[in-house]
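No lab work stands behind these numbers, since they all come straight from the coordinates. Just so it is clear, the model here is predicted, and its values are computed rather than measured. For neighbour counting, all protein chains shown are included, and Cβ atoms are generated from backbone atoms with ideal geometry for every residue, glycine included.
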Amino acid sequence: MSDRARELASLLIRNIEEVPLTDLRREPHYDGKGARLARGTAARKLGASFDILAPGKRGCPYHLHHAQEEMFIVLEGSGTLRVAGEMLPLRAGDVVFIPAGPEYPHQIVNTSDAPLKYYSISTMETPEICEYPDSNKIGAFGKGVRHMTRADASVDYWTGEN
């Protein structure tokens, strides 16, 4: 391969077999492994991860996005999509579409006795506000900003201003 071809390949192609998995564990409910696939690529508005959830564990807290859309592609195993107060079965081959907005709080749960493997894909819109209905938290995320608070801990717009 030429130098230019190698450069293009490093910016445009990722192989899940070659990307190291990171432990994403917070007992007792969260236990998985994941690899961020888009980091270091030419992608600017697209995020992608390869995720493996241990049996009986959750992928992330129940949450909703105000800006980003997400898509999940189930590769192997089965589980449950907790969404909008309902529990929907998931199995290999399913593609899940989650639009931004308060109508679709969501969480993937491995309700089986085998690993659940899936891709997570998002639009990576910033700034982003996430809400976490189970814990009453709100997260604000943007360039240089990562702030978590509770919805009931708000201050007045003019607090601290002269």
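Key figures
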read-out	value
Anisotropy class of segment 21-162 from Cα gyration tensor, a/c 1.5 cut	prolate
Packing-based ranking, highest mean first, of 91-103, 128-140 given that Cβ atoms within 10 Å are counted	128-140, 91-103
In order through segment 85-98: 3J(HN,Hα) via Karplus (6.51 cos²θ - 1.76 cosθ + 1.60), integer Hz, x for Gly, Pro	x, 10, 10, 10, x, 10, 8, 3, x, 6, 10, 10, 10, 10
Long-range amide H partners of residue 83 with built H, under 5 Å	88
Order by protection proxy (mean Cβ within 10 Å, highest first), peptides 73-79, 16-22, 153-159	73-79, 16-22, 153-159
For residue 31, residues with placed amide H under 5 Å, excluding near neighbours	26, 54, 58
Pairwise centroid distance, computed over Cα atoms, of segment 111-142 with segment 8-85, Å	9
FRET efficiency estimate (nearest 0.05) - Cβ-Cβ, residue 97 to residue 30, R0 25 angstrom	0.60
FRET efficiency for residue 46 and residue 84, using Cβ-Cβ distance with R0 set to 25 Å, rounded to 0.05	0.50
Residue with peak Gaussian network fluctuation, the chain [Cα springs, cutoff 10 Å], from 23, 51, 31	23
Charge dipole magnitude, Cβ of K and R +1, D and E -1 - segment 72-136, Cα centre, debye nearest 20	220
Sequence-separation-based contact order of the chain, relative, with Cα cut under 8 Å and 6+ spacing, percent	21
Gaussian network model of the chain, Cα within-10 Å springs - most flexible of 106, 147, 29	147
Residue-wise HN-Hα coupling along segment 153-160, computed from phi with Karplus coefficients 6.51, -1.76, 1.60 (Hz; x: Gly, Pro)	9, 6, 10, 5, 3, 8, 4, x
Residue-averaged [θ]222 nm for the chain, counting only DSSP H segments that reach four residues, each worth -39500 (n - 2.57)	-2000 deg cm²/dmol
Proximal lysines relative to residue 143, as straight alpha-carbon distance under 28 Å, when same-chain residues fewer than 8 apart are discounted	33, 45
